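K.L.:
Pasting a structure here, questions to come.
The values are calculated or read from the model by the stated rules, or taken from the named source; none is laboratory data. Keep in mind it's a predicted model, so treat the numbers as computed, not measured. Counting neighbours? That spans all protein chains shown, and the Cβs are built from the backbone with ideal geometry, glycine included. We work out accessible area using only protein heavy atoms, side chains counted, and drop any ligands, DNA or RNA first. Shrake-Rupley method; radii C 1.70, N 1.55, O 1.52, S 1.80 Å.
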Amino acid sequence: MAEIDVQRAFELAGQFADAGDWAAARAAYGQVLALEPAHADAMLQLSYVESFAGRYREANAWAVRAAEAPPPAGTEGMLDLLRRLRTFNEVLALRGYIARLLALPRVPHAVLVEAATQAGILNDFDVALRCAEAALQAAPGDPVAQLVHGQLLAHYGRVEEAAAEFEHVLARHPGIANGWWMLSRLRRQTPGANHVASLRALLSRPGLRAADVATAARALHKELDDLGDYEGAWQALALMCRARRASLQYSPQDSRQLFDDLVAWNAGEAAAPRVESAGPVPIFIVGMHRSGTTLLEQLLDASPQVLGVGELNDFQAAMRHATDHYCKGTLDRTIVQRAAAVDFAAVGRRYVEGIAWRLGGERFFTDKQPANFLNIGFICRALPHAKILHLARDPVEICFSNLRELFSGINEYSYDQRELADYYLQYRRLMAHWHRAWPGRILDVPYAALTADPEATMRRVAAHCGIDYVPGMSDPRSSTRVVSTASSVQVRDRVVRRETPKWFPYARHLEPLIAALREGGVEMAAG
């Protein structure tokens, strides 16, 4: 009879939630938990209810409680909880939940694939690989599991194994656009070994989803660029951008208002002195995406004093928790407005405690989340001992590199040339503001200098951070860490300086971007 009561209470709570009556849904799910205190599905649904009610911290707490209970009933509940914990960046709870799943005698392979994906996003690659391998044992022919497994192999630098995995999937499922993209980026294509015909065949299919059009076009652009067919490569890139931009609701005005708010928030801030700390020292590596942040982190990781831990979302998660507000992306105007009441010392403690599991005995660690350039004012307040390195790259180079990248859920400004130029101008304005507001806290690291003279540049970087320079810091091959960013393949090679920028063959097509940058006051060499 109690089970019937629990089920009826759970269904009633769902009806209240569907109607948007958050107070009634909260009370009804509370009744479920009164009858069955370890009901993980009720806790998970309470997390959603609190989110919809605008109570981020309560939603976060319920997700953590759900992870500590016996796993939810059914595949969907397990999948939801994995994604929910990742939403809140509750890394320890997520890792513990995945460990419990791996210990179960039977777990749906789709759940193991999702666990592998989420662990990979956390840069917990050993766990991610275990999950992917377990998924393949449960469902040996599952193409999604194989693609995730292959991608993890690529992160480990096991390129030949990754290529074989992708080719095996695509031989059976040639319509999986993401598989072609994963395969195309593993190596430079040649006239005798490429996938251009397969990609064009895929793009000619009627009724292809917009997301698949964008992904296949991105792969085609990359391969044609490798082959020197720049006109064909541009047409593929234009197709990718059109397909991706059509699915977005991006507003340049919203971005400008966010930058305005950040400048206004920190306008009267007195620059705080640097302080030393007995604990590990974070080195934030920031800048526009595709500016060279992965290369700089790879070089720093060669120091025995530094642990490179990759792109983290822990600081933005700490700010969300402090402001009791969830946002899509790094931050939004609500977070900036609520920052006036934030206890930044508590933000710093939450950040350090949240990443402690990642750290070893090194004195320094890197946080290479490029978009933290938006958070610099908050970082300086929360972590006065932190070091900040800003990758500065030629404006056309960095904008073109963003234009040709297909981002996942971020950087919505990067698919239209004028919108991209506008965002770059706002970024440049904000970085100038941070330098004025926090003099001496930020070291600009020109990408051109890093590739032309890595030793001299890394000596400057080391001096700014208080690190002893060692020769290995001038060669990315000195580091053997796992790399998961878009630069994961090329960053394992020696530092290369391009005599001709990547965008030169596309200069005619990039006239709208170049004109918009010049109109915004960016000085560029002629030609």
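K.L.:
Starting from the amide H of His173, placed 1.01 Å from N in the peptide plane, find each other amide H under 5 Å away whose residue is 5 or more places distant or on another chain.
P.N.:
Amide H neighbours of His173, under 5 Å, 5+ apart: none.
K.L.:
Averaging sequence separations of C-alpha pairs under 8 Å and six or more residues apart, then dividing by the length of the range 293-444, give the relative contact order as a whole percent.
P.N.:
That works out to 26 percent.
K.L.:
Please report the carbon-and-sulfur percent of the accessible area for the range 354-481; probe 1.4 Å, protein heavy atoms only, DNA, RNA and ligands left out.
P.N.:
In the range 354-481, the share of accessible area belonging to carbon and sulfur is 49 percent.
K.L.:
Between Arg188 and Ala34, take the C-beta separation as r, use R0 = 56 Å, and let me know the FRET efficiency to the nearest 0.05.
P.N.:
Given R0 = 56 Å and the Cβ-Cβ separation, E is 0.35.
K.L.:
Among the lysines, select those whose C-alpha is under 16 Å from the C-alpha of Lys222, and discard any that sit fewer than 8 residues away in the same chain.
P.N.:
Once the sequence-local lysines are set aside, what remains near Lys222 is Lys502.
K.L.:
Calculate, for the range 1-118, the solvent-accessible area per residue in square angstrom, rolling a 1.4 angstrom probe over the heavy atoms of the protein chains.
P.N.:
Value for the range 1-118: 47 Å² per residue.
K.L.:
List the trypsin sites (Lys or Arg not before Pro) in the range 75-121 that DSSP assigns to loop (not H, G, I, E or B) and whose Cβ has at most 15 other Cβ atoms within 10 Å. Which are they?
P.N.:
Passing sites in the range 75-121 are Arg106.
K.L.:
Still on this structure, please answer the following. Over what distance in Å are the Cα centres of the range 1-49 and the range 411-434 separated?
P.N.:
Taking the Cα centre of the range 411-434 as reference, the centre of the range 1-49 is 45 Å away.
K.L.:
From zero outward in steps of 10 Å, how is the percent of C-alpha pairs of the range 97-256 spread across the bins?
P.N.:
Binned Cα distances yield the sequence 11, 32, 31, 20, 6, 0.
K.L.:
Output ³J(HN,Hα) for the range 142-147: one whole-Hz value per residue in order, computed from phi by the Karplus curve 6.51 cos²θ - 1.76 cosθ + 1.60 with θ = phi - 60°, and x for Gly and Pro.
P.N.:
Once rounded to whole Hz, the list reads 5, x, 5, 4, 5, 5.
K.L.:
Something else now. Ordering Arg205, Arg320, Arg508 from largest to smallest accessible area (1.4 angstrom probe), what's the sequence?
P.N.:
Final ranking, largest accessible area leading: Arg508, Arg205, Arg320.
K.L.:
Need one word for the range 278-402: rounded, prolate or oblate. Basis is the Cα gyration tensor (sqrt eigenvalues a ≥ b ≥ c); a/c below 1.5 gives rounded, then a/b vs b/c decides.
P.N.:
Here the range 278-402 falls in the oblate category.
K.L.:
Related question: Looking at the chain, what % of its DSSP beta bridges pair antiparallel, to the nearest 5?
P.N.:
5
K.L.:
Bin all alpha-carbon pair distances of the chain at 10 Å intervals from 0 and give each bin's fraction as a whole percent.
P.N.:
Calculated over all Cα pairs of the chain, the distribution is 4, 16, 26, 28, 18, 6, 1, 0, 0 percent.
K.L.:
Please tell me the relative contact order of the chain in percent, rounded to the nearest whole number, where contacts are Cα pairs under 8 Å and at least six residues apart.
P.N.:
Worked out over the chain, it gives 13 percent.
K.L.:
Give me the percent relative contact order of the range 1-43, please, defined on Cα pairs under 8 angstrom at least 6 residues apart.
P.N.:
Reported relative contact order: 36 percent.
K.L.:
Moving on to the next point. Which whole-Hz couplings ³J(HN,Hα) result when phi for each residue of the range 421-438 is put into the Karplus expression 6.51 cos²θ - 1.76 cosθ + 1.60, θ = phi - 60°, listed in order with x for Gly and Pro?
P.N.:
Per-residue couplings from phi come out as 4, 4, 5, 4, 5, 5, 4, 4, 5, 5, 4, 4, 5, 4, 5, 5, 6, 10 Hz.
K.L.:
Name the long-range amide H neighbours of Asp367: under 5 Å, sequence gap of 5 or more, or other chain; modelled H, no Pro or chain starts.
P.N.:
Under 5 Å from the amide H of Asp367: Ile283, Phe284, Ile285.
K.L.:
Among the lysines, which fall within straight-line cross-link reach of Lys387, defined as a Cα-Cα distance under 20 Å, with same-chain neighbours fewer than 8 residues apart omitted?
P.N.:
Within the straight-line cut-off, Lys387 pairs with Lys368.
K.L.:
Using alpha carbons only, how many angstrom separate the centre of the range 138-214 from the centre of the range 328-385?
P.N.:
36
K.L.:
Turning to a different aspect of this structure: How long, wide and thick is the range 1-103, going by the Cα atoms along their three principal axes, in whole angstroms, largest first?
P.N.:
33, 32, 20
K.L.:
With a 1.4 Å probe and all protein chains left in place, how much accessible area per residue does the range 161-233 have, in Å²?
P.N.:
44
K.L.:
Same structure again: Search the structure for amide H atoms under 5 Å from the amide H of Val445, placed 1.01 Å from N in the peptide plane, and list their residues when 5 or more places away or on another chain.
P.N.:
Those qualifying (amide H under 5 Å, at least 5 residues apart or on another chain) are His390, Leu391, Ala392.
K.L.:
Can you list the chymotrypsin sites (Phe, Trp or Tyr not before Pro) in the range 389-471 that are in a DSSP coil and have 16 or fewer other beta carbons within 10 angstrom?
P.N.:
Phe407, Tyr469
K.L.:
Still on this structure, I have one more. With θ taken as phi - 60° and the coefficients 6.51, -1.76 and 1.60, list the Karplus ³J(HN,Hα) couplings across the range 338-355 in order, rounded to whole Hz; mark glycine and proline as x.
P.N.:
Residue by residue, the range 338-355 yields 7, 4, 4, 9, 7, 8, 6, 4, 5, 4, x, 5, 4, 4, 5, 5, x, 9 Hz.
K.L.:
Compare Lys502, Lys328, Lys222 by solvent-accessible area with a 1.4 Å probe and give them largest first, with all protein chains kept in place.
P.N.:
Lys328, Lys502, Lys222
K.L.:
Another question, if that's okay. Sort Tyr230, Tyr250 by accessible area with a 1.4 Å probe, largest first.
P.N.:
Tyr230, Tyr250
K.L.:
Can you give the longest stretch of the chain with no exposed loop site, where a site means GluC sites (Glu not before Pro) in a DSSP loop (not H, G, I, E or B) with at most 10 other C-beta atoms within 10 Å?
P.N.:
Longest stretch, sites excluded: 1-275.
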